[in-house]
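Right, one structure below, let's go through it.
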Amino acid sequence: MTAFRGPLTALASVVAAFGLVACGDGPGSSGPPTLRIVTYSSYVIDPEVQRSVEERLGVRLELRAAGDAGEMLAKAALSAGRPEGDVIVGIDNTLMGRALAADLLEPYRPAALGAVPDELRLDDSGRLTPVDWGSVCVDADRQWFADRELELPPDLDDLLDPRYRGLLVVPSPVTSSPGLVFLAAVHATRPDPEAYLERLRENDVAVVGSWDDAWYQRYTVSGGDRPLVVSYASSPPAEVHFSEGALSEPRSVVLEATCARQVEFAGVLRGTDQPQLARRLVDEMLGEEWQASLPLANFVEPARADVARPELFERFAPRPADPVEIDPEAVDVGRDRWIEQWRTVME
Amino acid sequence: MSRSVLATDRAPRAAAATVAAVGLGLGLIWPLVALAVRSTRPFAGRAALSLDGVTQVLADPRTRRVLATTLLQAGWSTAVCLAIGVPLAWGLARGEVPGRRALEVLLSVPFVLPSLVVAAAVLELGGLLGRRGEHPLVAVVAAHALFDVGLVARVVAPALQGGGRLEEAARMLGRGRARAALVTLRLAVPVVAASGVLVFLLSVTSFGVVLALGGDAVTTLEVEIWVRATRLLDLPGAAVLATLQAGVGLVALAVAQRARPLALADDRGAVRRSAGRAAAPRPGPTAVATWVVGLAVVAAPLGALVVGSLRRGDRWTLANYGDLLTAGLPGGGPGLAASLGRSFGFAVVATVVALVVGTAAVVAGGAPGGGLGRPRPGRRGWAGGWRSLATAPLGTSAAVLGLGWLLAFGTTPDLRGTALIVIGAQAVVALPLVVQAVGPALDRVDPRRWEAAAVAGASVARRWTEVVVPMVAPAAVVGAGFAFATALGEVGAVSFVAVDDHATAPIALARLLSRPGEASAGRAVALAVVLAAGAGVAVTLADRVGRPRRRPVR
């Protein structure tokens with residue numbers, strides 16, 4: 001079986017070579033200390049901001065990003081006390097209660113917290129620092145409605161109108177975080193949430209697993225079959241930004257009366273061996289430079305009220321006048337029951 | 001057979017058992033035990049695992065619904081894949097198909113496609129039929145067919161090859177060609193069962209397409225476990241359901257392992273592949289049908305994919321491919337080209353590990369001389385045990401495996417953030433593909449040839465290389481090809497352990513798809529095309545390199 005020797009030897013050398021590569025690419029023993037940020041996989045730091053923060057703190061920043069926000073929290077909770085990094089960012093107001101119960105954070109209140117509006121400062125224990133927020137809203141395909149001379153549904157109740165039958169797609173609250181914010185908004189504002197969901201179903205709402213599926217597969221703007229989608233107030237500027245010049249105007253319009261607020265927090269992970277640096281990094285996250293970069297990096301609003309928004313946001317991302325405020329405690333208490341109810345109604 | 005022959009046979013088997021035990025112990029058992037133990041303590045404000053909790057989860061009507069949906073979905077997926085895949089395998093093996101190699105390679109390509117891409121193809125197809133998103137279960141089954149028909153065809157084809165003496169004998173005895181061919185088909189039942197169990201387990205643990213196409217209408221155990229572990233932070237609930245899912249997998253494996261050749265079991269050795277001697281040449285309708293079915297399965301998703309990769313907005317462009325060289329992960333992370341290179345490197349290493357541990361597990365369960373892969377009746381349990389254990393990762397929830405890995409390798413040693421943990425997770429997930437390909441092939445080795453070689457004084461090593469390897473190598477190559485494809489495309493468990501610096505191409509792809517805008521979607525699709533093409537090339541290379549030169553096996 002000499003025919004096998006050659007390939008086997010070749011494979012063995014590939015393995016050996018690869019082993020060397022795999023071992024060799026760890027951080028070097030010299031150089032600046034590494035500060036690790038635990039987050040979800042779509043979180044982005046503006047490269048220029050990263051460079052200047054690294055310079056100021058004398059560190060190298062490394063993202064430990066894997067999975068979505070829920071997976072991130074599950075992992076962090078499992079490693080509470082011996083964390084995978086120094087700072088965590090991306091816990092939102094629907095996950096907040098779980099994060100606090102999991103005892104994975106150290107208290108820290110940055111000085112710049114004063115510049116953050118009260119409605120974002122939801123954690124009294126001082127462990128979770130609000131760093132950004134966004135609005136989960138129903139977005140509409142402007143052209144689709146114009147072509148049919150159908151007026152846009154003004155608010156959540158209109159989604160039950162037979163005229164809008166079969167037009168809405170929602171990412172499931174069971175598996176997606178904008179979906180959960182949407183469900184929390186229904187519970188916060190509708191007198192009889194269960195009846196609302198039942199009528200939504202009767203009006204032929206489509207439920208899909210994730211925001212990606214809703215936006216890319218079912219939304220008419222991406223070639224799908226539903227002209228109404230539960231997404232974000234920042235989706236229109238994102239459309240323009242990511243078209244890289246192909247679009248000068250978004251094709252989506254935000255139905256502002258349907259918006260609910262999602263707040264994202266950062267915190268110092270309990271058990272970090274660099275607590276001083278970790279706190280300074282949280283300071284940086286609330287610093288003007290980091291805050292100003294957030295809209296175009298992550299398509300969220302800066303937490304600080306005194307930071308200007310980019311033009312794209314000014315033009316296309318409405319700041320709803322009166323978004324539904326989600327009470328983290330209500331979510332924490334209600335979540336299991338809400339989800340069970342949603343599934344019972346929608347299955 | 002002398003005592004000394006038996007004694008020397010034990011050594012390789014013991015070595016194999018050691019390798020398999022270490023591999024499976026580290027990669028599968030330790031992580032699962034660690035997670036089970038952790039769930040006996042309170043977690044994130046929830047109560048610890050208790051007997052009451054277990055009964056509560058099991059008695060929950062939702063659990064029954066989810067279990068029923070899982071069985072229904074996976075059952076249909078398996079039935080459809082076998083119904084298309086086995087005839088396709090027949091065509092490949094017997095139809096004198098021109099360009100057979102090319103078709104075989106094409107068939108292994110959909111296996112690595114990202115689930116979101118396959119989901120998009122199915123939705124498109126539904127849209128063409130005017131039924132977009134209308135029948136979630138049908139859509140999920142269709143997606144699984146796209147994924148796995150090629151797997152069935154390729155795993156089963158080697159077992160249908162050649163005429164075999166029995167078939168020739170049947171023809172000489174005046175049976176019609178069809179009746180004679182039936183003999184071969186009946187003898188291939190264990191291999192069909194092995195491929196069926198692979199499809200079944202892949203369907204049970206399928207996550208991306210179920211989420212994308214099923215929405216809340218098709219909630220399977222895998223989805224429910226993920227929801228409990230990552231949405232509700234209900235570790236005990238996730239642990240109970242993961243055990244239930246493992247039970248479903250074990251039952252499926254046990255059923256598949258009971259499958260025996262339907263006729264003349266004692267003479268199964270006679271249906272050895274008579275290499276170099278094909279059945280009577282019969283190009284024509286079979287060949288045409290094979291290509292048509294093969295292309296229909298592969299061309300639909302791949303064609304849509306290639307077209308998508310060449311478009312941005314309403315324009316035709318190559319920009320998506322150009323971007324692969326220059327663009328990075330969103331926000332200036334590591335480059336996409338690097339993620340591709342890394343993916344292939346990781347997958348090669350993971351495949352080698354899976355091949356070694358998987359083969360070891362098969363051999364540990366039953367070695368030549370001891371009744372071969374399929375041991376004597378009294379020893380049956382051992383072979384089944386090793387193989388089931390090595391196939392178990394396929395029935396294990398990715399969320400549970402990922403979190404288990406995190407617990408097991410998060411303290412001492414702390415491997416979080418290293419390439420090792422990513423490769424390890426890939427290897428564990430790829431392992432079952434090797435086992436289910438190599439196992440049935442080893443069962444088909446004729447024990448009498450082994451004994452004859454022993455009596456003639458051939459050393460153990462010689463007997464292995466001369467008797468066993470030539471028989472098992474083609475199956476091992478097919479298994480390695482799919483193991484490679486699995487490792488290459490794996491996102492489930494890997495997404496729990498991979499960090500930016502080691503982001504593989506499928507992770508980069510998922511990341512791109514979670515950003516709005518046509519540019520990132522276009523890049524994602526181009527990345528998928530390169531990944532699929534790479535998998536095709538890699539499988540071809542493995543085929544060329546690994547398949548022993550055809551020479552008469554006496």
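The values are calculated or read from the model by the stated rules, or taken from the named source; none is laboratory data. Everything numeric here is computed off the predicted structure, so don't read it as measured data. Here Cβ is always computed from backbone atoms with ideal geometry, including for glycine, and neighbour counts include all displayed protein chains.
Flag: A:ARG315 matches the condition of being more than 14 Å from chain B (Cβ to nearest Cβ) and either out of contact with any Lys or Arg (no Cβ under 7 Å at 6 or more places or on another chain) or of a type in the set (Lys, Arg) (or both).
Can you tell me which residues in the range B:76-120 are small (Gly, Ala, Ser), part of a helix (DSSP H, G or I) and surrounded by fewer than 22 Cβ atoms within 10 Å (Cβ to Cβ)? Answer for the range B:76-120, where residues must be small (Gly, Ala, Ser), part of a helix (DSSP H, G or I) and surrounded by fewer than 22 Cβ atoms within 10 Å (Cβ to Cβ): B:ALA79, B:ALA83, B:ALA102.
A Cβ distance below 9 Å, combined with a sequence gap of six or more or placement on separate chains, defines the contacts here; from the range A:77-98, residues that are at the interface with chain B (Cβ under 8 Å from one of its Cβ atoms) reach residues that are among the aromatic types (Phe, Trp, Tyr) and not in a loop (DSSP other than H, G, I, E, B) in the pairs A:ALA77/B:PHE43; A:LEU78/B:PHE43. Being outside any helix (DSSP H, G or I) and more than 7 Å from chain A (Cβ to nearest Cβ) is the filter; apply it to the range B:494-533 and report the residue that is modelled with the highest pLDDT. The extreme case among them is B:THR504.
Of the residues contained in the range A:338-345, one or more are found to be under 21 Å from the mean Cα position of the chain (by Cα) and either within 24 Å of A:SER177 (Cβ to Cβ) or not hydroxyl-bearing (Ser, Thr, Tyr) (or both).
Condition check: modelled with pLDDT of 95 or more and among the basic types (Lys, Arg). Does A:ARG218 satisfy that? Here the answer is no, as A:ARG218 does not meet what is asked. Taken over the range A:256-268, the criterion of being buried (at least 22 other Cβ atoms within 10 Å of the Cβ) and either within 9 Å of chain B (Cβ to nearest Cβ) or hydrophobic (A, V, I, L, M, F, W, C) (or both) is satisfied by A:CYS259, A:ALA260, A:VAL263, A:PHE265, A:ALA266, A:VAL268.
Of everything in the range B:115-127, what is more than 11 Å from chain A (Cβ to nearest Cβ) and either modelled with pLDDT under 70 or closer than 16 Å to B:LEU202 by Cα (or both)? Give them in sequence order. B:VAL118 - this is the single residue of the range B:115-127 that is more than 11 Å from chain A (Cβ to nearest Cβ) and either modelled with pLDDT under 70 or closer than 16 Å to B:LEU202 by Cα (or both).
Consider the range B:460-482 and keep the residues that are in contact (Cβ under 8 Å) with a residue 40 or more places away in the chain and more than 28 Å from the chain's Cα centre (by Cα). The one that is surrounded by the fewest Cβ atoms within 10 Å (Cβ to Cβ) is B:VAL460.
Selection of the range B:413-432 for residues being under 16 Å from B:PHE344 (Cα atoms) and small (Gly, Ala, Ser) yields B:ALA419, B:GLY424, B:ALA425, B:ALA427, B:ALA430. For beta carbons closer than 7 Å, sequence separation of 6+ or different chains, a first residue in the range B:398-422 that is touching a residue at least 24 places away in the same chain (Cβ under 8 Å) and over 23 Å from B:PHE207 (Cβ atoms) and a second that is part of a helix (DSSP H, G or I) and of a type in the set (Gly, Ala, Ser), the qualifying pairs are B:ALA419/A:ALA22. Give the residues of the range B:235-248 that are out of contact with any strand residue (DSSP E or B) (no Cβ under 6 Å at 6 or more places or on another chain) and touching a residue at least 24 places away in the same chain (Cβ under 8 Å), sorted by residue number. Across the range B:235-248, the qualifying residues are B:PRO236, B:GLY237, B:ALA238, B:ALA239, B:VAL240, B:LEU241, B:ALA242, B:LEU244, B:GLN245, B:ALA246, B:VAL248. A count restricted to the range A:218-246 and to residues that are of a type outside the set (Gly, Ala, Ser) and at the interface with chain B (Cβ under 8 Å from one of its Cβ atoms) stands at 6.
For every residue, the table says whether it meets (1) within 28 Å of A:GLY166 (Cβ to Cβ); (2) out of contact with any Leu (no Cβ under 9 Å at 6 or more places or on another chain).
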position: A:SER235; (1), (2): yes, yes
position: A:PRO250; (1), (2): yes, yes
position: A:GLU256; (1), (2): yes, yes
position: A:GLN274; (1), (2): no, no
position: A:TRP290; (1), (2): no, yes
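Among the residues of the range B:232-248, those that are out of contact with any Phe, Trp or Tyr (no Cβ under 6 Å at 6 or more places or on another chain) and within 12 Å of another protein chain (Cβ to nearest Cβ) comprise B:LEU232, B:LEU233, B:ASP234, B:GLY237, B:ALA238.
Among the residues of the range A:225-243, the ones that are surrounded by fewer than 23 Cβ atoms within 10 Å (Cβ to Cβ) and farther than 24 Å from A:GLU314 by Cα come to 1 in all. Applying the condition of being assigned to a loop (DSSP other than H, G, I, E, B) and in contact (Cβ under 8 Å) with a residue 12 or more places away in the chain to the range B:207-231 and asking which residue is farthest from the other protein chains (Cβ to nearest Cβ) yields B:THR220. Across the range A:32-42, the number of residues qualifying as more than 7 Å from chain B (Cβ to nearest Cβ), farther than 21 Å from A:ARG270 by Cα and either crowded, with 22+ Cβ neighbours inside 10 Å or in contact with an Asp or Glu (Cβ under 6 Å, 6 or more places away or on another chain) (or both) comes to 0. Residues considered: A:SER210, A:SER252. Of these, the only one that is in contact with a Pro (Cβ under 6 Å, 6 or more places away or on another chain), modelled with pLDDT of 95 or more and within 14 Å of chain B (Cβ to nearest Cβ) is A:SER252.
In the range B:246-270, the qualifying residues are those that are aliphatic (A, V, I, L, M) and outside any helix (DSSP H, G or I), and the one that is modelled with the highest pLDDT is B:ALA259. Among the criteria (1) surrounded by 15 or more Cβ atoms within 10 Å (Cβ to Cβ); (2) under 27 Å from B:ALA287 (Cβ atoms); (3) among the aliphatic types (A, V, I, L, M), the one B:LEU67 does not fulfil is (2).
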